[in-house]
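The next block holds one structure in the form of structure tokens; read it before the comments.
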Amino acid sequence: MSGTPRVRVTSPRSAAPRRRRVSAVSEIDAQTDLGAVYMSSLLRSQLRLALSVVSVLVALVAGLPLLFALAPGLVDVELLGLPLPWLLLAVAVYPFLLLLGWLYVRAAERNERDFAEMVERS
Amino acid sequence: MSHGYAIVAVLLVAAATLSVGAYGWRFSRTTSDFFVASRSVRPALNASAIGGEYLSAASFLGVAGLVLAFGTDMLWYPVGWTAGYLVLLVLVAAPLRRSGAYTLPDFAEARLESRTVRGLSSLLVVAVGWLYLMPQFQGAGLSLRTVAGTPAWAGGLLVGAVVLVNVFFGGMRSITFVQAFQYWLKLTALLVPVMVLLAAWSGDGARSPLGGAWVSPLASADAHPLYTTYSIVIATFLGTMGLPHVVVRFYTNPDGRTARRTTLVVLALLGLFYLLPPVYGALGRVYTPDLVAAGASDTVVLELPARMVEGVAGELLSALTAAGAFAAFLSTSSGLTIAVAGVLSQDVMGRRFRGVRSFQASAVVAVVVPLVLAVSAEGVGVARAVGLAFAVAASTFCPLLVLGIWWRRLTDVGAVAGLVVGGLLSGGAVVLTLIGDPRAGWGGALVAQPAAWTVPLAFATMIGVSLLTPARVPRHVNRTMVRLHTPEAVDLDRGPAPAAG
């Protein structure tokens, strides 16, 4: 690899002036307004996802003490030989948390795939 | 209880910990190995290590003891410690890994471009770490005294020595192997005895432990059970992400995507483990109710097998739970030592020592200070002190991480104000709880479980002061957001990696 590099001289076949293509990646790198739009769409979709998972967690798990306070009779309800509060807090809550986490990971990875396709395709 | 088997079991755990660690020593060569195992740990191994590190004395002994003594409301501790991982997964796991920083102060400095925020974070990491280490050493002393009749300081000293040897020679790489091993040891040490105990229980007429106020939620003697329950929920849900030994683990994942998948496996491992301690608490109601009156309910996991199963079999099962308890002390103390030593070596020792040497010197300081505190101070109660560490973490690092990751307008002044307010209020409540006698009424409830009011105040301060100082939004915040949130596969300019050390 020495000497002058070969330079290929070409000319666009069409007569129309060519529009210079700028990729989404370089828009983001240059921190243009368009790049900011790409970034905030990713951030917003991920934040919306995170907040909806947290809301479900707060409503269904953190709501339990309130439920127990409002309906103290629940302790007399027995399921599978366990009082309902025990069944919920000692057993059922763990598979529920795992399910919530699994759904989140799937959705978060899909958001990232969508973002990657969007910026790399353009 | 015969002491022979239990002593052998504890010594075996110590020896196994050292030899599994020695397997890792051979790979530890560079500073990066010591800090974050060169970021090459796969999800399955890393999740076992996180589980092993996270399940401390409070989980292994404390939950069963609390359930035995106080009943249903105490089930919120294990639920919160697991849900805390879900909140961490959803809000910080991947961005935290992508930040590329070694420690929490690294993250704070990279995001806010401020040495002041870094210094304050370092101070808080060391404070939370020592607050969490001290009860581990105290619990180790208590347990070794229960199973082997040694003086109170011996257990803490043994744990401190083993941890120091491993951290000293192997750093994070060696600790990863050790902790993955210890998760499975802890699970076995609760699972095998519980199956024998349940068989013995049903053969014994299956007397129901349920009944009375014990089984009802919100029926405890506390003046304000609903407030206390919610404060525990807030501290545990939000505090997990701010514990220094939890956060440092995320940097060992290869990338953001594996950080998420690792956390998901952790959720499964924690859920599996936490099914077991309440069973011990419930069986304790039938077979060892005297422990509550004796103020020794924390030892129910250690005592129950020997009480329920006669002869050598019962003693062997008790020895197995003792081994699990020691695995719990060793693994959590190792993780905390790594985290505190990492911060000390970067921010305190860095100028005098270089690289690995600096990390090792810091590890000595990180272990010796809380060990001296644990030996000299009165016992505080393992689960209670650990709960306070969660409250401080939730009031300081939780707002810093959540706002830092999701809110562009966070400023360095806002972060400092929030950390100071959250740290002083929760720290003040901790000091009052540790030195003062418990007070009745609202004042007592607010001080004993501060998270429900300190966390919102810390968030409000951080947001309010940031909005008042819009000119101080960090210059490179957009580049930092690209770094935190975009998948690594996309080739983008993420700015320079945060300088380590």
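The values are calculated or read from the model by the stated rules, or taken from the named source; none is laboratory data. Not measured: the values here are computed from a predicted model. Counting neighbours? That spans all protein chains shown, and the Cβs are built from the backbone with ideal geometry, glycine included.
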Sort out which residues of the range A:46-59 are surrounded by fewer than 16 Cβ atoms within 10 Å (Cβ to Cβ) and in contact with a helix residue (DSSP H, G or I) (Cβ under 7 Å, 6 or more places away or on another chain), and write them in order of number.
A:56
Tell me whether the range A:43-63 contains one or more residues that are within 15 Å of residue B:94 (Cα to Cα), in contact with a Leu (Cβ under 8 Å, 6 or more places away or on another chain) and of a type in the set (A, V, I, L, M, F, W, C).
yes
Residue match in the range B:111-124 (condition: charged (D, E, K, R), at pLDDT 80 or above and crowded, with 20+ Cβ neighbours inside 10 Å):
yes
Based on this model, can you work out whether residue B:47 counts as surrounded by 24 or more Cβ atoms within 10 Å (Cβ to Cβ), within 14 Å of chain A (Cβ to nearest Cβ), in a helix (DSSP H, G or I) and touching a residue at least 40 places away in the same chain (Cβ under 8 Å)?
yes
Tell me yes or no: at least one residue of the range B:72-81 is more than 15 Å from the chain's Cα centre (by Cα), of a type in the set (A, V, I, L, M) and under 18 Å from residue B:14 (Cβ atoms).
no
Are any residues in the range A:60-72 part of a helix (DSSP H, G or I) and surrounded by 12 or more Cβ atoms within 10 Å (Cβ to Cβ), and if so, which ones?
A:60, A:64, A:65, A:66, A:67, A:68, A:69, A:72
For the range B:401-437, how many residues meet the condition of being without any contact (Cβ under 8 Å) to a residue 24 or more places away in the chain and part of a helix (DSSP H, G or I)?
5
Please tell me if residue B:475 is within 14 Å of another protein chain (Cβ to nearest Cβ), surrounded by fewer than 16 Cβ atoms within 10 Å (Cβ to Cβ) and either out of contact with any helix residue (DSSP H, G or I) (no Cβ under 9 Å at 6 or more places or on another chain) or in contact (Cβ under 8 Å) with a residue 24 or more places away in the chain (or both).
yes
Hits in the range A:73-106 - residues which are surrounded by fewer than 16 Cβ atoms within 10 Å (Cβ to Cβ) and closer than 30 Å to residue B:490 by Cβ
A:99, A:102, A:103, A:106
Does residue A:112 fit the bill of being part of a helix (DSSP H, G or I), crowded, with 17+ Cβ neighbours inside 10 Å and more than 10 Å from every other protein chain (Cβ to nearest Cβ)?
no
Please verify whether the range B:210-233 includes one or more residues that are modelled with pLDDT under 80, among the aliphatic types (A, V, I, L, M) and crowded, with 22+ Cβ neighbours inside 10 Å.
no
Anything in the range A:24-53 that is assigned to a loop (DSSP other than H, G, I, E, B) and among the β-branched types (Val, Ile, Thr)? List them, or say none.
A:32
Filter result (within 14 Å of chain A (Cβ to nearest Cβ) and part of a loop (DSSP other than H, G, I, E, B)) within the range B:73-131
B:92
Of A:36, A:62, which residue is facing another protein chain (nearest Cβ under 9 Å) and over 24 Å from residue A:94 (Cα atoms)?
A:36
Among the residues of the range B:81-100, count how many are surrounded by fewer than 24 Cβ atoms within 10 Å (Cβ to Cβ) and of a type in the set (Gly, Ala, Ser).
1
Matching residues in the range B:451-479 - criterion: being of a type in the set (A, V, I, L, M) and either farther than 15 Å from residue B:113 by Cβ or out of contact with any Lys or Arg (no Cβ under 8 Å at 6 or more places or on another chain) (or both):
B:451, B:452, B:455, B:457, B:458, B:460, B:462, B:463, B:465, B:467, B:468, B:471
Filter pass, residue B:337 being within 14 Å of another protein chain (Cβ to nearest Cβ), assigned to a helix (DSSP H, G or I) and under 18 Å from residue B:129 (Cα atoms):
no
Over the range A:43-57, the set of residues in contact (Cβ under 8 Å) with a residue 40 or more places away in the chain, more than 8 Å from the chain's Cα centre (by Cα) and more than 7 Å from chain B (Cβ to nearest Cβ) is A:56
Among the residues of the range B:234-291, count how many are part of a helix (DSSP H, G or I), among the β-branched types (Val, Ile, Thr) and more than 18 Å from residue A:90 (Cβ to Cβ).
10
Can you work out which of the residues in the range B:307-349 that are free of Cβ contacts under 8 Å to residues at least 60 places away in the same chain and among the charged types (D, E, K, R) is surrounded by the fewest Cβ atoms within 10 Å (Cβ to Cβ)?
B:310
Give all pairs with beta carbons closer than 8 Å in which a residue from the range B:289-304 that is within 17 Å of residue B:60 (Cα to Cα) meets a residue that is of a type in the set (Phe, Trp, Tyr); count only pairs at least 6 apart in sequence or on separate chains.
B:300/B:280; B:301/B:60; B:301/B:280; B:304/B:280; B:304/B:287
